[in-house]
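Notes follow once the structure below has been shown.
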Amino acid sequence: MPTYVYFVLGGVLAFILISWGVRVHRARLQARNTELQRLGFTLCVDRKGWLEETVTAMERNEGYRYEVRDPRRLTGAREVYYYKKRRHGNSTEDESFDEEAILFPLKRASSEGLLLVVKPSAIGPGFASRVLSTVATASWDAQPDDLERIEIPPDLKNTNLLGALGPSGARLYDLVDPGTLSVVQRLGDLGAMSILFRDGWCAIGSGGGVSGGPPFRVGELISHIRPLL
């Protein structure tokens, strides 16, 4: 068989795979849009600028800028938002990072920043969990500039809470109450990875669920956080 035939077959195979990937991506987007409409989320393009300002203020990271896409607000009196967040580095060599997120108001005793990292229950206590905890709370440049690793109280060890970042010297229970912790530490089973608190707001992030990873189960997440709304 002539050599050029292999190149032609390779090109055809690549085209088929790309076309299949595009169809799958479109199907997922359509399914997500249908779900959001069923849940009562409506487009709120007029809040895009405000959301970007709020996300930037919550992230408090000088090394990145944040773009909000497909902003939607849940029908009702409370401000509950769903959106896709794209994180851009200041350098042209930095790759962007996408994730899905839910933002809602939350009353706390403290307005200071707090970042919690959670895992699914399928990853039980042990070596893998300890490694994930170490990685999640390491000094990454994508973390808020004003937060650092803080200690997890003994009663929360071996739970789905992998780690916490807060102001230097802060204690976890001074930043968030046990009831809220009980709710959010179980969000890892619903596709969430990070929970960021600041200035009366809480943002739940998928950790990259837009392009891959566990599905961000918006309906179940909303149902689960209702006690906090």
Lone unmet requirement of (1) out of contact with any Phe, Trp or Tyr (no Cβ under 9 Å at 6 or more places or on another chain); (2) at pLDDT 90 or above; (3) buried (at least 18 other Cβ atoms within 10 Å of the Cβ) for residue 185: (2)
State yes or no: is residue 149 crowded, with 16+ Cβ neighbours inside 10 Å, modelled with pLDDT under 95 and outside any loop (DSSP other than H, G, I, E, B)? yes
Test residue 221 against the stated conditions and say whether it is at pLDDT 95 or above, closer than 27 Å to residue 97 by Cα and surrounded by 13 or more Cβ atoms within 10 Å (Cβ to Cβ). yes
Pair list, Cβ < 7 Å and 6+ apart or interchain, from segment 157-180 residues that are closer than 23 Å to residue 61 by Cα to residues that are basic (Lys, Arg) and surrounded by 13 or more Cβ atoms within 10 Å (Cβ to Cβ): 162/119; 163/149; 165/149; 176/108
Does any residue of segment 24-33 turn out to be on the phi < 0 side of the Ramachandran plot and modelled with pLDDT of 85 or more? no
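The values are calculated or read from the model by the stated rules, or taken from the named source; none is laboratory data. Note that the coordinates shown come from a computational prediction; the quantities given were computed from them, not determined experimentally. Please note: Cβ atoms are built from the backbone with ideal geometry, for glycine as well, and neighbour counts cover all protein chains shown.
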